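The values are calculated or read from the model by the stated rules, or taken from the named source; none is laboratory data. Quick caveat: nothing in here was measured; it's all calculated off a predicted structure. For neighbour counting, all protein chains shown are included, and Cβ atoms are generated from backbone atoms with ideal geometry for every residue, glycine included.
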Ligand code: HAS
C-alpha cells in the first residue's frame, strides 16, 4: 500500500510552488506529545464514521421498502446508532482532536497539566461513549440522537452521554488554559486566530451544554431510574433545543476555522481579515443559543411571541455565515487574480482543483449554499409548518452537517493526520481523497435532493416503512426513497475510500513532513480591535440574550405543568 513520494506529489499551481520555495518555510510542527492526544481522538472519530455510515446504509435500504433488518434488529435501533455515532461521537472527537492540534500549533505546546487534563477528558468521554453504545447495541436505548422523552432509555445511556459532555468540558478547559497562558505571556498582543476560535467554540459549548446537562441530571436520569414517575416532555424538549441548535454551530465552527485560516494558506493566499473572522465567531457565540425554539415552532405550550422573538434572533445568526461566505469569495478571487486569472471568472480556474486539501472542503462550501438556504426556509415560521417533521429536514442536515461540515473535517484530516504521524500525503492518496469528495457530492446530491422533494410531498422523517408503506401517499414517495437508497450506497462507497486513505495516512504512508497550514493576515487588514477579545463584554450580552429569550417561556412551562410532572417544583 505504501507509495514512494514522487515528483507527481500533490500538485500545486506553478506560481504557488514557486512562492513556497522562495519563502522556504520551515514547517512548524504540533508538539509530539500533543500530537498523540490529537491522534487518539482521530481513531475514535473515524471508527465512528465507519460504523455510523454502515448504519446509515442499512437505514436507506429499509426506507426503500425492499429490505428488512435481520436478527430482530430494530429500525430505531439502527437510526440511533447512525445519529449518535455520526452526529455526536464523530463530531465531538474530531472537533476536540482538531482543536488540541490547532491550539498546540498556534499558541505553543500544552503544559503537562493541560495535557493531563486533555487525556482525562478523553478517557471520561470514551468511557461514556462505550457505556452509551453498549446500551444502544443491547436495544435498551433506541431513542435517537435527540433522546426525546417520552421515549425512555436505560439510565446507563443517559449517564454515558453525560460523561461524554463532562469529558468534553475537561478538554475544553485544557484548551482555554493554554489560551490564558498565552495571553499572560504576551500581554497586549492579539492572540493567534485559531486558538481564539477554539476558545470561542469551547465557551459556546459550555453555555449550551448546561441545558442538556440539566435535562439529563434533573429529568431523564431520575425518571429512567424510577425515582420520579413522570417528567414534563415540553420542558425536556426546550432544554434539549436550548443546547441543540448551538450543537449545530459547535459542529460548524471548526469547519469555519479551516475555511478562514487553513484554506487561504492551502491556496497560497492570505487571510482576508482577522477582525472579520473574529467578529463572525463572536456573533456565533451570541446568537447560537437563544434560538433553540425554532425547532419547536409547531409545539403547543410556548407562546407565539417567544417563538417569533427566537425566529428573529435566528435571522441574526445567519449574518456571520453570510460574512463567512463573503470572506471566502474574496479570498478565492484575490488569490485567483494574483495567479493571473483575468475577466469575471478567470480567477476561478486558477484555484488548486487537484489538491484534496482544497477540493474536498470546497465541495462542502458549495453544499452549504443550498443547505443554508434550506435553513432559512426552516426558520421562516410559516414555512416551517410545511416542512417540520418531514424528511426535508433530514435533507437539510445532510447538506449542512453531513456535507459542508464533515467534508471539511475530512479535507483537514488528509493533512492533519500525516502531520501528526510524521508521514506524507502521496499523490495517490491525494487522488483517492479527491475521488471520495466527488463520490460524496454525487451521492449526497441524489440522496439529499430526493429527501428535500419527498419532504415537500409530505414524506415523514423518523418513521418506519411498515407504518406507512402500502398507503396511497407512500406510492408517491417510493421513487424518491429508492433514489435515497442509491445516493446512500454511493455515500457508503465514499466512506470506504475515506477510511482507506485514513488508514494509509495513519500507518502506511511514507515518512515525511506534512504542513499544518495556517494563513497570515493580508497586509493592510488593519489592527484587530481589542474589544473583539474582551470576553467579559460579550459574555454579558450573551447572558442578557439568553435571559430575555428563555426566562419567561421556561417559567411558563414550569408553572403551567401538571403537578409533579416536571421534576421541578416551584411551589
Ligand atoms: Fe439547521 C434543523 C435552521 C444551519 C443542522 N438543522 C436542523 C437539524 C439539524 C440541523 C441537525 O429554523 C435537525 C434537528 C432535528 O433532528 O430535529 N439551520 C437553520 C438555519 C441555519 C441552519 C437558519 N443547521 C445549520 C447548520 C447545521 C444544521 C450549519 C449543522 C452543521 N435547522 C434550522 C431550523 C430547523 C433546523 C429552523 C428545524 C426544522 C424543524 O422544523 O424541525 C443557518 O445557520 C444557515 C446559514 C447559512 C448560510 C449559508 C452561507 C454559505 C456559505 C458557503 C459559501 C460558499 C463559498 C463557496 C464561499 C446563509 C458560508 C465559494 C464558491 C465559489 C463559486 C468561489
(request) Those residues that are out of contact with any strand residue (DSSP E or B) (no Cβ under 9 Å at 6 or more places or on another chain) and at pLDDT below 95, I need them from segment 516-531; list them, please. (result) 523, 524, 526, 527, 529, 530, 531
(message) Can you say whether residue 316 is assigned to a helix (DSSP H, G or I), within 30 Å of residue 551 (Cα to Cα) and out of contact with any strand residue (DSSP E or B) (no Cβ under 7 Å at 6 or more places or on another chain), as far as the supplied structure shows?
(response) yes
(request) With the condition kept exactly as written, say whether any residue in segment 112-133 is surrounded by fewer than 20 Cβ atoms within 10 Å (Cβ to Cβ) and not in a helix (DSSP H, G or I). (result) no
(message) Can you tell me which condition residue 512 does not meet? The list is (1) buried (at least 17 other Cβ atoms within 10 Å of the Cβ); (2) in contact with a strand residue (DSSP E or B) (Cβ under 8 Å, 6 or more places away or on another chain); (3) under 29 Å from residue 259 (Cβ atoms), and all the others hold.
(response) (1)
(request) Could you check how many residues of segment 509-527 are part of a loop (DSSP other than H, G, I, E, B) and more than 27 Å from the chain's Cα centre (by Cα)? (result) 10
(message) Please verify whether residue 220 is crowded, with 23+ Cβ neighbours inside 10 Å and within 12 Å of the ligand (Cβ to nearest atom), treating the condition exactly as stated.
(response) no
(message) Of everything in segment 411-447, what is over 17 Å from residue 495 (Cβ atoms), touching a helix residue (DSSP H, G or I) at 6+ places or on another chain (Cβ under 7 Å) and in a helix (DSSP H, G or I)? Give them in sequence order.
(response) 415, 416, 418, 420, 421, 430
(message) Restricting to segment 46-71, name every residue that is more than 14 Å from residue 86 (Cα to Cα) and not in a loop (DSSP other than H, G, I, E, B).
(response) 58, 60, 61, 62, 63
(request) Mind telling me which of the residues 403, 394, 408 ends up being more than 8 Å from the ligand (Cβ to nearest atom), touching a helix residue (DSSP H, G or I) at 6+ places or on another chain (Cβ under 6 Å), touching a residue at least 60 places away in the same chain (Cβ under 8 Å) and part of a helix (DSSP H, G or I)? (result) 408
(message) Condition check: assigned to a helix (DSSP H, G or I), more than 20 Å from residue 50 (Cβ to Cβ) and modelled with pLDDT of 95 or more. Does residue 451 satisfy that?
(response) yes
(request) Given the conditions (1) crowded, with 22+ Cβ neighbours inside 10 Å; (2) in a helix (DSSP H, G or I); (3) touching a helix residue (DSSP H, G or I) at 6+ places or on another chain (Cβ under 7 Å), report the number of the one that residue 244 does not fulfil. (result) (1)
(request) Return yes when residue 383 is touching a residue at least 60 places away in the same chain (Cβ under 8 Å) and farther than 14 Å from residue 49 by Cβ and no when it is not. (result) no
(request) Check 182, 155, 169 and return the single one that is over 24 Å from the mean Cα position of the chain (by Cα), modelled with pLDDT of 95 or more and within 28 Å of residue 255 (Cα to Cα). (result) 182
(request) Working only within segment 314-333, note down all residues that are under 21 Å from the mean Cα position of the chain (by Cα), in contact (Cβ under 8 Å) with a residue 60 or more places away in the chain and more than 6 Å from the ligand (Cβ to nearest atom). (result) 315, 327
(message) Looking at segment 149-158 only, could you name the residues that are surrounded by fewer than 21 Cβ atoms within 10 Å (Cβ to Cβ) and touching a helix residue (DSSP H, G or I) at 6+ places or on another chain (Cβ under 7 Å)?
(response) 150, 152, 154, 155, 156
(request) Consider residue 351 carefully, then state whether it is surrounded by 19 or more Cβ atoms within 10 Å (Cβ to Cβ), within 11 Å of the ligand (Cβ to nearest atom) and in contact (Cβ under 8 Å) with a residue 40 or more places away in the chain. (result) yes
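One line per residue, one yes/no per condition, for (1) closer than 30 Å to residue 85 by Cα; (2) more than 10 Å from the ligand (Cβ to nearest atom); (3) assigned to a loop (DSSP other than H, G, I, E, B); (4) over 23 Å from the mean Cα position of the chain (by Cα):
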residue	(1), (2), (3), (4)
309	no, yes, no, yes
312	no, yes, no, yes
342	no, yes, yes, yes
366	yes, no, no, no
373	yes, no, no, no
383	no, no, no, yes
(request) Give just the number: which of (1) more than 27 Å from the chain's Cα centre (by Cα); (2) near the ligand (Cβ under 9 Å from one of its atoms); (3) surrounded by 22 or more Cβ atoms within 10 Å (Cβ to Cβ) does residue 336 not satisfy? (result) (3)
(message) I need the full set of residues from segment 273-297 which are within 25 Å of residue 527 (Cβ to Cβ), within 11 Å of the ligand (Cβ to nearest atom) and in contact (Cβ under 8 Å) with a residue 60 or more places away in the chain, in order please.
(response) 284
